[in-house]
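Chemist: One structure is given below, represented as structure tokens, and several questions about it will come after.
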Amino acid sequence: MESVSQHDSGKEIGFWRGWSIAVGCAIGSGVFMMPTLLAPYGMLGLAGWLTAGAGTLLVALSLSRLVRRVPKLGGPYAYVQAGLGDFAGFLIAWTYWIACIAAISGISIAFVGYLGVFLPAVTESAVLSLLVALALVWTVVGLNIRSVESSGTFQVVTTILKILPLLFIIVLGFTNMQPDILPPVNPTELHPFALLATVTTLVMWSFIGIETATVPTDNMVEPEKLIPRILIASVLTILIIYFLVSLAVALVVPASELVGSTAPFALAATKVMGPVGGAIITVGALISTLGSLNANTLTAGQVPLAAAKDHLLPVKFLTLSQSGTPIFSFLVSGGFVSLLLVLNYTKGLIAAFTFMAMLSTLSTLMAYAFCAVAEFYFLKNDRAGPERTRAILLSGAAFLYSFFAIWGAGSEIVFYSFMLIIVGMPFYALVREDVRDQ
């Protein structure tokens, strides 16, 4: 093994690999499980896609400007640290790392849920479900430890393959649609505004991941030019696909049947084409979740590395493998993922997935909000004019959207996120003490 300072990483990520990281991380377990999570919320649940899509586009525009100002490894963490200082940077590195770990846990749970279509015994046994999820996580961790290049190639292939079954469902749904089975606009007792906030936070889980394209900057060619293009293209790609595919499922399967399903896309395909259709979609869902798992694992290894470079995490996180990958970060991340899986499998597949999704979403939304605030710092020194005014308005809108979605998460998830931040405080104090003593 070698320290990060001894290794000169190659520029192995171009536009398509960057796009595949962002799209591959976003299009994963979220969209394949979302029909089940949104079913109780009626047609307003579908409206959440548009709200979240518009908000994510605001975030992407904000990140696009920040990457030009701070073209360095770490993504949201790097921007916040540069704009708001070490403490804010640590908070985002810590919470964003938690987001990645929770995402990996949730995605592995979704993989097991779809695997149960072929192997029902897997989902019928909590112990077997846990063992399969753990085996999957550590296999992907091993792939990322091996090399960035092999992980990147794997990501491009899985991203392309995962889009195909989504297009298949869109065609299937609109050619066999039954408009009369669409649910009412608001079947709940919630105020429409409160309901929209809740579903927006749920839906944001499916958009979380576009910012991962900003993290492996050290491995990118001209990141200040490339990343903005990747971000905008990624948001537009997933917004169009998400809305159409969710509407297609709602036009085929009644909401009453979607509630409680661990494989809603397979259910929709089976209704139209029988077991063959369900099998095709299940294979697509497994590939999709696998690609998303890989992208989140890559990010989970890179974020602690970036923070350790700035002395905000222990120097042990700078340890690289012979191929230049942050092996210690990957091993620690895999360990935390395993712990989360063990602690939450008693909830059942759907409840455990929902908890992981909300925790990951909330943690990432905090990073988005801090990034918008960091841009205000940079804008103070920009020349007054229309471009600066437009940037201020967009950053303000991105911050308000992030706040709106955080509010929609509910008190329980906010509480758990706050407790996880508190847990990280001693690490910051110890590391900062070490820096002063150097």
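Chemist: All but one of (1) crowded, with 24+ Cβ neighbours inside 10 Å; (2) over 13 Å from the mean Cα position of the chain (by Cα); (3) modelled with pLDDT of 80 or more hold for Ala102; which doesn't?
Modeler: (2) is the only condition that Ala102 fails.
Chemist: Suppose the filter is modelled with pLDDT under 90, part of a helix (DSSP H, G or I) and over 29 Å from Ser206 (Cβ atoms); does Arg390 pass it? If you could, list the steps in order and put the result at the bottom.
Modeler: Working: modelled with pLDDT under 90: yes; part of a helix (DSSP H, G or I): yes; over 29 Å from Ser206 (Cβ atoms): no.
No: the conditions fail for Arg390.
Chemist: Of a type in the set (Ser, Thr, Tyr) and more than 20 Å from Tyr428 (Cβ to Cβ): which single residue out of Tyr77, Tyr96, Tyr114 fits that description? Show your work before the answer.
Modeler: Values: Tyr77 fails: more than 20 Å from Tyr428 (Cβ to Cβ); Tyr96 fails: more than 20 Å from Tyr428 (Cβ to Cβ).
Of Tyr77, Tyr96, Tyr114, the one residue that is of a type in the set (Ser, Thr, Tyr) and more than 20 Å from Tyr428 (Cβ to Cβ) is Tyr114.
Chemist: If you don't mind, another one. Kindly indicate which of Ile109, Ile92 is modelled with pLDDT of 85 or more, closer than 30 Å to Ser402 by Cβ and in contact with a Phe, Trp or Tyr (Cβ under 6 Å, 6 or more places away or on another chain).
Modeler: Working: Ile109 fails: modelled with pLDDT of 85 or more.
Exactly one residue qualifies, and that residue is Ile92.
Chemist: Let me ask something else about it. Would you check which residues across the stretch 373-429 are of a type in the set (Val, Ile, Thr), in contact (Cβ under 8 Å) with a residue 12 or more places away in the chain and over 21 Å from Trp94 (Cβ atoms) and list them? Before the answer, list the steps.
Modeler: Step one: of the stretch 373-429, the residues of a type in the set (Val, Ile, Thr) are 373, 389, 392, 406, 413-414, 421-423.
Subsequent filtering for residues that are in contact (Cβ under 8 Å) with a residue 12 or more places away in the chain retains 373, 392, 406, 413-414, 421.
The one that is of a type in the set (Val, Ile, Thr), in contact (Cβ under 8 Å) with a residue 12 or more places away in the chain and over 21 Å from Trp94 (Cβ atoms): Ile392.
Chemist: Regarding Thr346, is this residue modelled with pLDDT under 80, of a type in the set (Ser, Thr, Tyr), more than 23 Å from Ile210 (Cβ to Cβ) and part of a helix (DSSP H, G or I)?
Modeler: On the way: modelled with pLDDT under 80: yes; of a type in the set (Ser, Thr, Tyr): yes; more than 23 Å from Ile210 (Cβ to Cβ): yes; part of a helix (DSSP H, G or I): yes.
Spelling it out, Thr346 is indeed modelled with pLDDT under 80, of a type in the set (Ser, Thr, Tyr), more than 23 Å from Ile210 (Cβ to Cβ) and part of a helix (DSSP H, G or I).
Chemist: What do you reckon, is Leu46 at pLDDT 75 or above and more than 21 Å from Val259 (Cβ to Cβ)?
Modeler: Numbers: at pLDDT 75 or above: yes; more than 21 Å from Val259 (Cβ to Cβ): no.
For Leu46, the condition - at pLDDT 75 or above and more than 21 Å from Val259 (Cβ to Cβ) - is not met.
Chemist: Give me a count of the residues in the stretch 10-43 that are over 20 Å from Phe207 (Cβ atoms), at pLDDT below 70 and in contact with a Leu (Cβ under 9 Å, 6 or more places away or on another chain).
Modeler: Counting residues in the stretch 10-43 that are over 20 Å from Phe207 (Cβ atoms), at pLDDT below 70 and in contact with a Leu (Cβ under 9 Å, 6 or more places away or on another chain) gives 1.
Conditions tested, residue by residue: (1) farther than 19 Å from Met204 by Cβ; (2) at pLDDT below 85.
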site	(1), (2)
Pro223	yes, yes
Leu226	yes, yes
Leu231	no, yes
Ser234	no, yes
Ala248	yes, no
Val252	yes, no
Glu257	yes, yes
Thr262	yes, yes
Gly274	yes, yes
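Chemist: Continuing with the same structure: Return the residue satisfying two criteria in turn: it lies in the stretch 62-89 and is over 21 Å from Leu362 (Cα atoms) and part of a loop (DSSP other than H, G, I, E, B), and of such residues it is modelled with the lowest pLDDT.
Modeler: Applying the filter and picking the extreme gives Leu73.
Chemist: Would you confirm whether any residue within the stretch 84-92 is more than 23 Å from Phe317 (Cβ to Cβ), touching a residue at least 40 places away in the same chain (Cβ under 8 Å), buried (at least 22 other Cβ atoms within 10 Å of the Cβ) and under 18 Å from the mean Cα position of the chain (by Cα)? If you could, list the steps in order and put the result at the bottom.
Modeler: As a first pass, look at the stretch 84-92 and keep what is more than 23 Å from Phe317 (Cβ to Cβ): none.
Within the stretch 84-92 (the criterion being more than 23 Å from Phe317 (Cβ to Cβ), touching a residue at least 40 places away in the same chain (Cβ under 8 Å), buried (at least 22 other Cβ atoms within 10 Å of the Cβ) and under 18 Å from the mean Cα position of the chain (by Cα)), the answer is no, since none of the residues qualifies.
Chemist: Being assigned to a helix (DSSP H, G or I), of a type in the set (S, T, N, Q) and within 18 Å of Thr361 (Cα to Cα), is that true of even one residue in the stretch 37-59?
Modeler: So in the stretch 37-59, the residues assigned to a helix (DSSP H, G or I) come out as 37-41, 43-59.
Checking which are of a type in the set (S, T, N, Q) leaves us with 51, 56.
Restricting the remaining residues to those that are within 18 Å of Thr361 (Cα to Cα) gives 51, 56.
Taking every residue of the stretch 37-59 in turn, at least one turns out to be assigned to a helix (DSSP H, G or I), of a type in the set (S, T, N, Q) and within 18 Å of Thr361 (Cα to Cα).
Chemist: Taking the condition aliphatic (A, V, I, L, M), under 27 Å from Val185 (Cβ atoms), buried (at least 24 other Cβ atoms within 10 Å of the Cβ) and touching a residue at least 40 places away in the same chain (Cβ under 8 Å), does Met43 pass?
Modeler: no
The values are calculated or read from the model by the stated rules, or taken from the named source; none is laboratory data. Here the structure is a predicted model, which means the values were calculated and not measured. Note: ideal-geometry Cβ built from the backbone for every residue, glycine included; neighbour counts use all protein chains shown.
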